[in-house]
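Have a look at the structure below before the remarks.
The values are calculated or read from the model by the stated rules, or taken from the named source; none is laboratory data. From a predicted model like this one, the values you see are computed outputs, not experimental measurements. Reconstructed Cβ throughout: ideal geometry from the backbone, glycine too, with neighbour counts over all protein chains shown. Remember, those area values only see protein heavy atoms, side chains included, never the ligands or the DNA or RNA. Shrake-Rupley method; radii C 1.70, N 1.55, O 1.52, S 1.80 Å.
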Amino acid sequence: MLPTVALQKTVPVVGAYDVVVCGGGVAGVAAAVSAARAGMKTALVERQGCFGGTATLGYVNPVSGFFHKGKRVVGGIAWEMVEHLEKRGAALVELPKGHVSIHGEDFKLVMQEMLLESGVTLYTNTYLSDCVKEDGRITHLIIECKNGTEALAVALVIDATGEGDVCRRTGVPMMPPQEDLQPISLCFVLEGVDVSTPLLKDYIHHDGKNGHGSCQPEIHDYLTECMEQGKLRQFGGPWFNTMVKGRALTVNITRIAANAADRADYTRAEMQLREDMFAIVELLREKYPEFKACSIVASGVNAGVRETGRIDGMGMARGDSFTQRPECPVALCAHPMDMHRAGSAAQSLIRLDAPGFVPHTALIPKNIQNLLAAGRCICADQAAFASLRVQATLMAVGEAAGVMAAMCREQGTPVQEIDAVQLQKRLEQSCPLPDRIHSESSKR
């Protein structure tokens, strides 16, 4: 057992809020905007100095999951963001798959503007360190920042931290740990790549036009040979994507097995991924004239995480019933069940015949009365999670969490007692899903 140090602090309560969202990635931003628009005094706590998480700070591009078979299944705040970006010339909707390529800097500004316009109080460069509980409720969140240790008094909390930091600190039951977590990847930006030749010109978009998928097969085969020859430890894809503005490309190609919820393992993995990033680019320079003049101009602030732990919720999104409509769906899932393998460059992709559903109960922990999950810590089995983990779906989940928090605050009810029928009506008014979510054809 490790030695311990006893700490005792009295800290100032610097704010009191109806709803506090922890985590300013795309799901957390949608949750905060949603709660504020519902009339809640809302705060957003984010450990970085800007918003968007992996989409902006991690260069995970495009934003996936808006369209299924050419029809849009995610709207609301998420699609508002796309429309704002399009007006700025900073988004490209690539049909028929419907992924949305974005310019990350514009996306940061769009999210900031939407948060401020909604009246959300922002705590940036701030991270959660602890929670105070009383009688099954969170009364205060303890935060750390340049001012030192502070506290926020809370009525409702939404955990959009990815790893479920609030849930873990409050003793929420988590699903059993998995040994085969999907790998993490460090995405980066390349400039100086010649995309005019057949090698890349049809592969830098994710629209599947001209019979091409998004993964470049020739480069995949070459890097596989390099790995077999001991020149490279691991890779995935590769996937190259436009940044809409300018000529630089985002690149998703590194890969490593790791548990990002563990500090030491995440540190180890990120150090190796940074080495691998340079090694892979050098191999591309040696082999292909298109990469001769390229250079790495940016990489993710953190490696992108596909999967860690998830709560053991009141309900679960399940792969074997994914396309069956639950009592109160909060989001539709368009993306295939996309499972990356940690021990190889392999990827399994199961396309959905119909959109999948996220039930509202997947956002609800079993034992804390005023806490909701949003983002990738919601309750799902690995098959369903492999589809719903993408950014468009999680923005829809975040928006629904904001509505749920507002409804519980207004009625004074624990999250476990939320009325599904009333919630469905509220969601239809505030963030309506496409009509077919309510149709009989969706109930198969």
Towards the positive end of the charge dipole of region 221-264, with charges on Cβ (+1 Lys, Arg; -1 Asp, Glu), say which of Val251, Gln234, Tyr222 has the farthest Cα.
Val251
What percentage of all Cα-Cα pairs in the chain are separated by more than 33 Å?
32 percent
Counting only Cα atoms, I'd like the Rg/Rh figure for region 84-135, Kirkwood definition for Rh.
1.21
Between Leu95 and Gln229, how many nm apart are label points set 7 Å from Cα along the C-beta direction?
4.4 nm
Kindly provide the pair-distance distribution of region 166-288 built from C-alpha pairs, with 10 Å bins from 0 and whole-percent values in order of increasing distance.
11, 37, 30, 15, 7, 0
Determine, for each peptide in 57-63, 71-77, 371-377, the mean count of other beta carbons within 10 angstrom over its residues, then list the peptides with the highest first.
371-377, 57-63, 71-77
With the alpha-carbon atoms as the only input, what is the per residue convex hull volume for region 278-321 in Å³?
161 Å³
Tensor-based shape of region 324-375 (alpha-carbon gyration tensor, a/c under 1.5 rounded, otherwise prolate or oblate)
oblate
Expressed in angstrom and rounded, the centroid-to-centroid distance over alpha carbons for region 305-337 and region 378-403 is 7 Å
So how exposed is Trp79, as accessible area in Å² (1.4 Å probe, rounded to 10)?
40 Å²
Compute the orientation-averaged projected area for region 80-177 from the convex hull of its Cα atoms and round it to one decimal in nm².
9.5 nm²
For region 353-422, with equal point scatterers placed on the C-alpha atoms only and solvent neglected, what are the log10 I(q)/I(0) values from the Debye formula at q = 0.11, 0.17, 0.18, 0.28 1/Å, to two decimals?
-0.27, -0.61, -0.68, -1.33
Computed on Cα atoms only, the convex hull of region 18-131 has an orientation-averaged projected area in nm² of 7.2 nm²
Anything in the chain that counts as a DSSP H helix reaching 24 Å or more along its axis (C-alpha) with Kyte-Doolittle mean of at least 0.0? List them, would you?
391-411
How large is the accessible surface per residue of region 309-406, computed with a 1.4 Å probe and reported in Å² as a whole number?
26 Å²
Under the rule of -39500 (n - 2.57) per DSSP H run of 4 or more residues, summed and divided by the residues of the chain, what mean residue ellipticity at 222 nm is obtained, to the nearest 500 deg cm²/dmol?
-8500 deg cm²/dmol
What is the antiparallel percent of DSSP beta bridges lying wholly in the chain, to the nearest 5?
70 percent
Could you sort Asp130, Asp135 by accessible area so the largest value comes first, with the probe set to 1.4 Å?
Asp135, Asp130
Let a ≥ b ≥ c be the square roots of the eigenvalues of the Cα gyration tensor of region 307-444; is it rounded (a/c under 1.5), or, if not, prolate (a/b larger than b/c) or oblate?
oblate
Ranking request for peptides 279-291, 13-25: highest mean number of other beta-carbon atoms within 10 Å first, then the rest in descending order.
13-25, 279-291
Under the 7 Å Cα-to-Cβ spin-label approximation, Arg268 and Ala16 lie apart by a distance in nanometres of 4.7 nm
List the aspartates and glutamates whose Cα sits under 19 Å from the Cα of Lys146, skipping any in the same chain fewer than 8 residues away.
Glu46, Asp130
Could you list, bin by bin from short to long, the percent of Cα-Cα pairs of region 243-374 in 5 Å steps?
2, 8, 13, 14, 15, 15, 13, 9, 6, 3, 1, 0
Take the cross-link list Lys71/Lys201; Lys108/Lys133; Lys245/Lys287; Lys108/Lys245; Lys87/Lys245 and give me the ones stretching past 22 Å between alpha-carbons.
Lys71/Lys201; Lys108/Lys133; Lys245/Lys287
Cut-off 14 Å, label point 7 angstrom out along Cα-to-Cβ of Leu349: give me the residues of region 65-87 whose amide nitrogen falls inside.
65, 69
Positive-end extreme of charge dipole, the chain - chosen from Gly25, Ile143, Gln112 (charges on Cβ):
Gln112
Between His68 and residues 5 or more places away or on another chain, the pairs with built amide H atoms under 5 Å apart involve Val73
Skipping prolines and chain starts, which residues have an amide H placed within reach, meaning under 5 Å, of the one on Tyr17, given they are 5 or more residues away or on another chain?
Ala153, Val154, Ala155
In whole Å, how far is the Cα centre of region 1-38 from that of region 231-292?
32 Å
